[in-house]
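*Asks:* Structure in structure tokens, see below.
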Amino acid sequence: MTKRSGLGKGLDALIPGGKPSAPSSYTPTNQTTPAAGGVLQVSTDLIQRNPRQPRLHFNESDLQDLAASIREHGVIQPLIVSKGTGKSYILIAGERRLQASRKAGLETVPVVVRDATDQQLLELALIENVQRADLNPIEEAEAYRNLAKEFGMSHEVIATRVGKSRVAVTNTMRLLDASVAVKQALVDGKISEGHARALLALSTSKAQEATLNTVITLDLSVRQTEALTRKLAGQKPISKQKPSASADVNDLEKRLQSSLETKVALKHGKNGGTITIYYYSDEELDALLEKMT
């Protein structure tokens, strides 16, 4: 996945309590009540993992590198937590920093305390990970599904919260319909999201897995995978565009195809004509409808 930035409203816009202090504005202490700047030091043993953290996989080498940096420079950016039961805290943002701090042997870490509901715990952890491009596609899809099922959020609302298009959210969630093997190959980086969506055109897990092996073995591109799944699904291959009888009609047809980013067939006669727009998956239909409406 490519790096993304500037997504969503950000943590401070969604959690009441104002912005946390700048990293340079606090002095590490062993205090357990907020200082004037809002930052306090809390024992790492008192910080519980966010139960709604969507990220499940952490690169051990990256954590070791971060731990080495923390040993030398300390934790530059405070973690964000909410109050738990008793003296405990629930982590909202900063999972990697917390894990690396423990590896570095730190007994306490700087935190900013914020109030957060269960929904915000999931939203904020999701936003932080999406902004850093830390989630694999399946973790991201499952987080979106949790927001939709547990909190009744529409795809449009989820998209607004994380700063993505509604089509992107819908397409990501569709990955959960793939077979177990396809999802694992996606998590392992053996195929891309485009490959996985193409394999969704096959209706059974067995067919998806057999085609997946072919895709990996032959190192097929996304376009080649789409062509293969269309053939296996019994769909006619996309034929080459026939020469238009009129240069003007041919030019207009090319402009429509460029604008809609899909195959378009234009038939023009004396008394009018027809425009045929082709699509090859549900997400392509969604994208077309969004462009046209």
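*Asks:* For a quick check of your reading: which helices (runs of 4 or more DSSP H) sit entirely within region 38-151 and have at least 1 residues that are modelled with pLDDT of 85 or more and under 30 Å from ASN171 (Cβ atoms)?
*Replies:* Because the criterion is at least 1 residues that are modelled with pLDDT of 85 or more and under 30 Å from ASN171 (Cβ atoms), the helices (runs of 4 or more DSSP H) in region 38-151 that meet it are 137-151.
Condition check ((1) surrounded by fewer than 17 Cβ atoms within 10 Å (Cβ to Cβ); (2) outside any helix (DSSP H, G or I)) across all residues:
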{"site": "ILE191", "(1), (2)": "no, yes"}
{"site": "GLY194", "(1), (2)": "yes, no"}
{"site": "ARG197", "(1), (2)": "no, no"}
{"site": "SER203", "(1), (2)": "yes, yes"}
{"site": "ALA207", "(1), (2)": "yes, no"}
{"site": "THR211", "(1), (2)": "no, no"}
{"site": "THR214", "(1), (2)": "yes, no"}
{"site": "ARG223", "(1), (2)": "yes, no"}
{"site": "THR229", "(1), (2)": "no, no"}
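Results for (1) assigned to a loop (DSSP other than H, G, I, E, B); (2) within 17 Å of SER165 (Cβ to Cβ); (3) modelled with pLDDT under 75; (4) under 29 Å from the mean Cα position of the chain (by Cα), shown as yes or no for each residue.
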position	(1), (2), (3), (4)
LYS236	yes, no, yes, no
PRO243	yes, no, yes, no
ASN250	no, no, no, no
ARG255	no, no, no, no
LEU266	no, no, no, no
THR276	no, no, no, no
GLU284	no, yes, no, yes
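*Asks:* Test of understanding: among VAL169, VAL157, which residue is surrounded by fewer than 19 Cβ atoms within 10 Å (Cβ to Cβ), β-branched (Val, Ile, Thr) and not assigned by TED's automatic domain parsing to the domain that holds GLN41?
*Replies:* After ruling out the rest, the residue left standing is VAL157.
*Asks:* Where the second residue is at pLDDT 65 or above and among the polar types (S, T, N, Q) and the first is over 16 Å from ILE90 (Cβ atoms) and lies in region 44-61, which pairs have Cβ atoms under 8 Å and are six or more apart or on separate chains?
*Replies:* HIS57/ASN136; PHE58/GLN99
*Asks:* Looking at this structure, is LEU175 farther than 15 Å from ALA233 by Cβ, in contact with an Asp or Glu (Cβ under 8 Å, 6 or more places away or on another chain), aliphatic (A, V, I, L, M) and surrounded by 18 or more Cβ atoms within 10 Å (Cβ to Cβ)?
*Replies:* Yes.
The values are calculated or read from the model by the stated rules, or taken from the named source; none is laboratory data. The structure presented is a predicted model; accordingly, all values stated were derived computationally and were not measured. Cβ sites come from the backbone with ideal geometry, for glycine too, and all protein chains shown count toward neighbours.
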